[in-house]
1. Run the dipole for the chain about the Cα centre, Lys and Arg Cβ at +1, Asp and Glu Cβ at -1, nothing else charged, and hand back the magnitude in debye, nearest 20.
2. Using just the Cα positions, wrap the chain in a convex hull and report its mean projected area in square nanometres, one decimal place.
3. Would you mind counting up the charge near V123? Only other residues with Cβ under 12 Å from its Cβ, with Lys and Arg at +1 and Asp and Glu at -1.
4. Are there chymotrypsin sites (Phe, Trp or Tyr not before Pro) in region 12-116 that DSSP marks as loop and that have at most 14 other Cβ atoms within 10 Å, and which are they?
5. Have a look at the DSSP beta bridges in region 32-170 and tell me what percent are antiparallel, nearest 5.
6. Check which residues have an amide H placed less than 5 Å from R96's amide H, if you skip close sequence neighbours.
7. With N set to the residue count of region 56-125, report its C-alpha Rg divided by 2.2 N^0.38 Å to two decimal places.
8. Quick check: the angle from helix 76-89's long axis to the longest principal axis of the chain, C-alpha only, nearest 10 degrees?
Amino acid sequence: MRIIAGSLRRRTIRVPQGAEVRPTTDRVREAMFNWLAARLDFEGAQVLDLFAGSGAIGLEAVSRGAASCTFVEQNRKVAETIRENATALGVVDRCRIHTADALAWCRRSNDSFDLIAADPPYVYDDQQELLETAAELLSPGGILMLEHGRRSPEVPADQLLDRRTYGSTVVTYLAAPSPAS
(Lines give C-alpha, C1' and ligand atoms only; values in the text may rest on other atoms or scores of the structure.)
Protein backbone atom coordinates (compact mmCIF):
# COMPACT_ATOMS: atom_id res chain seq x y z
CA MET A 1 0.00 0.00 0.00
CA ARG A 2 1.29 3.47 -0.78
CA ILE A 3 0.69 7.11 0.10
CA ILE A 4 -1.07 8.75 -2.87
CA ALA A 5 -0.04 12.43 -2.69
CA GLY A 6 1.72 15.10 -0.68
CA SER A 7 5.15 15.13 0.95
CA LEU A 8 5.14 11.34 1.46
CA ARG A 9 3.88 10.52 -2.05
CA ARG A 10 4.76 7.04 -3.31
CA ARG A 11 6.12 5.93 0.08
CA THR A 12 4.85 2.53 1.13
CA ILE A 13 3.25 1.49 4.38
CA ARG A 14 2.81 -1.91 5.96
CA VAL A 15 -0.65 -3.40 6.22
CA PRO A 16 -1.37 -5.62 9.23
CA GLN A 17 -2.25 -9.16 8.27
CA GLY A 18 -5.47 -10.71 9.50
CA ALA A 19 -9.19 -10.91 9.00
CA GLU A 20 -9.95 -7.94 11.25
CA VAL A 21 -8.23 -5.48 8.89
CA ARG A 22 -9.87 -4.39 5.62
CA PRO A 23 -7.53 -1.79 4.10
CA THR A 24 -9.02 0.92 1.92
CA THR A 25 -7.67 0.39 -1.58
CA ASP A 26 -5.42 2.99 -3.18
CA ARG A 27 -8.14 3.71 -5.77
CA VAL A 28 -10.82 4.39 -3.16
CA ARG A 29 -8.44 6.45 -0.99
CA GLU A 30 -7.48 8.55 -3.99
CA ALA A 31 -11.15 9.20 -4.82
CA MET A 32 -11.90 10.06 -1.18
CA PHE A 33 -9.04 12.53 -0.95
CA ASN A 34 -9.87 14.11 -4.32
CA TRP A 35 -13.39 14.76 -3.00
CA LEU A 36 -12.02 16.13 0.30
CA ALA A 37 -9.35 18.32 -1.32
CA ALA A 38 -12.05 20.35 -3.08
CA ARG A 39 -13.74 21.10 0.26
CA LEU A 40 -11.10 21.00 3.00
CA ASP A 41 -7.76 22.72 3.49
CA PHE A 42 -5.46 20.05 4.86
CA GLU A 43 -2.75 22.55 5.79
CA GLY A 44 -2.72 22.63 9.59
CA ALA A 45 -5.82 20.40 9.91
CA GLN A 46 -6.50 18.25 12.96
CA VAL A 47 -7.49 14.74 11.85
CA LEU A 48 -9.06 11.78 13.66
CA ASP A 49 -8.75 8.29 12.12
CA LEU A 50 -11.16 5.84 13.81
CA PHE A 51 -10.83 2.08 13.28
CA ALA A 52 -7.46 3.12 11.87
CA GLY A 53 -6.06 -0.25 10.72
CA SER A 54 -2.77 0.46 8.94
CA GLY A 55 -3.23 4.21 9.45
CA ALA A 56 -3.36 4.80 5.68
CA ILE A 57 -6.15 7.41 5.84
CA GLY A 58 -4.56 9.48 8.61
CA LEU A 59 -1.08 9.17 7.15
CA GLU A 60 -2.41 10.33 3.78
CA ALA A 61 -3.87 13.41 5.52
CA VAL A 62 -0.54 14.11 7.26
CA SER A 63 1.24 13.75 3.91
CA ARG A 64 -1.11 16.40 2.51
CA GLY A 65 -0.31 18.89 5.28
CA ALA A 66 -2.43 17.99 8.33
CA ALA A 67 -0.80 19.28 11.50
CA SER A 68 -1.61 16.09 13.36
CA CYS A 69 -3.59 12.89 13.28
CA THR A 70 -5.06 11.00 16.19
CA PHE A 71 -5.41 7.30 15.42
CA VAL A 72 -7.80 5.07 17.37
CA GLU A 73 -7.41 1.33 16.86
CA GLN A 74 -8.64 -1.31 19.29
CA ASN A 75 -6.22 -4.10 18.33
CA ARG A 76 -2.81 -3.62 20.00
CA LYS A 77 -0.81 -5.35 17.28
CA VAL A 78 -2.56 -3.36 14.57
CA ALA A 79 -1.99 -0.10 16.50
CA GLU A 80 1.71 -0.99 16.70
CA THR A 81 1.75 -1.22 12.90
CA ILE A 82 0.46 2.38 12.75
CA ARG A 83 3.31 3.46 15.03
CA GLU A 84 5.83 1.58 12.87
CA ASN A 85 4.44 3.17 9.69
CA ALA A 86 4.50 6.69 11.19
CA THR A 87 8.06 6.15 12.43
CA ALA A 88 9.26 4.80 9.06
CA LEU A 89 7.69 7.81 7.31
CA GLY A 90 9.29 10.25 9.78
CA VAL A 91 5.98 11.71 11.00
CA VAL A 92 5.52 9.97 14.35
CA ASP A 93 5.82 13.37 16.09
CA ARG A 94 2.57 14.44 14.33
CA CYS A 95 0.70 11.27 15.32
CA ARG A 96 -1.10 10.26 18.51
CA ILE A 97 -1.97 6.59 18.62
CA HIS A 98 -4.58 5.25 21.03
CA THR A 99 -5.37 1.59 21.58
CA ALA A 100 -9.06 1.84 22.44
CA ASP A 101 -12.59 1.13 21.32
CA ALA A 102 -13.46 3.91 18.85
CA LEU A 103 -16.93 4.66 20.20
CA ALA A 104 -15.77 4.68 23.83
CA TRP A 105 -12.84 6.93 22.90
CA CYS A 106 -15.16 9.39 21.14
CA ARG A 107 -17.46 9.51 24.17
CA ARG A 108 -14.51 10.52 26.40
CA SER A 109 -12.83 12.97 24.04
CA ASN A 110 -13.08 16.73 24.35
CA ASP A 111 -10.93 17.32 21.27
CA SER A 112 -12.09 18.96 18.05
CA PHE A 113 -11.21 17.80 14.54
CA ASP A 114 -11.38 19.23 11.03
CA LEU A 115 -11.62 15.76 9.49
CA ILE A 116 -12.82 12.54 11.05
CA ALA A 117 -12.42 9.33 9.06
CA ALA A 118 -14.23 6.24 10.33
CA ASP A 119 -13.89 2.81 8.77
CA PRO A 120 -15.71 0.41 11.11
CA PRO A 121 -16.42 -3.20 10.13
CA TYR A 122 -19.16 -3.24 7.50
CA VAL A 123 -21.32 -5.14 10.00
CA TYR A 124 -21.09 -2.83 13.02
CA ASP A 125 -24.06 -2.66 15.39
CA ASP A 126 -23.21 0.78 16.81
CA GLN A 127 -22.80 2.60 13.48
CA GLN A 128 -25.58 5.11 14.15
CA GLU A 129 -24.30 5.95 17.64
CA LEU A 130 -20.75 6.21 16.30
CA LEU A 131 -21.85 8.72 13.68
CA GLU A 132 -23.72 10.87 16.18
CA THR A 133 -20.95 10.75 18.78
CA ALA A 134 -18.10 11.37 16.34
CA ALA A 135 -19.97 14.24 14.64
CA GLU A 136 -19.99 16.09 17.96
CA LEU A 137 -16.17 16.18 17.78
CA LEU A 138 -16.14 18.04 14.46
CA SER A 139 -14.96 21.62 14.43
CA PRO A 140 -17.19 24.13 12.56
CA GLY A 141 -16.81 23.40 8.86
CA GLY A 142 -15.38 19.96 9.62
CA ILE A 143 -16.15 16.81 7.67
CA LEU A 144 -16.89 13.30 8.88
CA MET A 145 -16.11 10.61 6.30
CA LEU A 146 -17.65 7.18 6.95
CA GLU A 147 -16.61 4.18 4.92
CA HIS A 148 -19.21 1.41 4.97
CA GLY A 149 -20.92 -1.34 3.01
CA ARG A 150 -24.08 -1.03 0.95
CA ARG A 151 -26.32 -0.47 3.98
CA SER A 152 -26.19 3.30 4.45
CA PRO A 153 -26.64 4.90 7.84
CA GLU A 154 -29.43 7.38 8.50
CA VAL A 155 -28.10 10.92 8.59
CA PRO A 156 -29.87 14.26 8.99
CA ALA A 157 -30.43 15.84 5.57
CA ASP A 158 -28.69 19.04 6.69
CA GLN A 159 -25.51 17.06 7.49
CA LEU A 160 -25.29 14.85 4.38
CA LEU A 161 -22.78 16.35 1.98
CA ASP A 162 -22.41 13.44 -0.43
CA ARG A 163 -22.42 9.67 -0.77
CA ARG A 164 -20.18 7.88 -3.27
CA THR A 165 -20.03 4.20 -4.19
CA TYR A 166 -16.83 2.43 -5.25
CA GLY A 167 -17.62 -1.24 -5.92
CA SER A 168 -18.74 -2.73 -2.59
CA THR A 169 -17.46 0.29 -0.64
CA VAL A 170 -19.68 3.29 0.07
CA VAL A 171 -18.32 6.54 1.48
CA THR A 172 -20.71 8.95 3.19
CA TYR A 173 -19.50 12.53 3.81
CA LEU A 174 -21.16 14.52 6.59
CA ALA A 175 -20.90 18.11 7.79
CA ALA A 176 -20.69 19.07 11.44
CA PRO A 177 -24.13 19.20 13.07
CA SER A 178 -25.63 22.65 13.36
CA PRO A 179 -25.51 24.11 16.90
CA ALA A 180 -29.31 23.74 17.19
CA SER A 181 -29.09 19.94 16.57
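The values are calculated or read from the model by the stated rules, or taken from the named source; none is laboratory data. Treat the numbers as computed from the prediction; the structure is a model and nothing was measured. Glycine gets a Cβ as well: all are built from the backbone with ideal geometry, and neighbour counts include every protein chain shown. Surface areas here come from the heavy atoms of the whole protein model, side chains and all, with no ligands, DNA or RNA. Shrake-Rupley method; radii C 1.70, N 1.55, O 1.52, S 1.80 Å.
1. Around 740 debye, computed over the chain.
2. 9.3 nm²
3. Numbers: positive: R22, R150, R151; negative: D125, D126.
So the environment of V123 carries a net charge of +1.
4. none
5. Values: 3 of 21 bridges.
Roughly 15 percent of the beta bridges in region 32-170 run antiparallel, per DSSP.
6. C69, T70, F71
7. 1.10
8. 60 degrees
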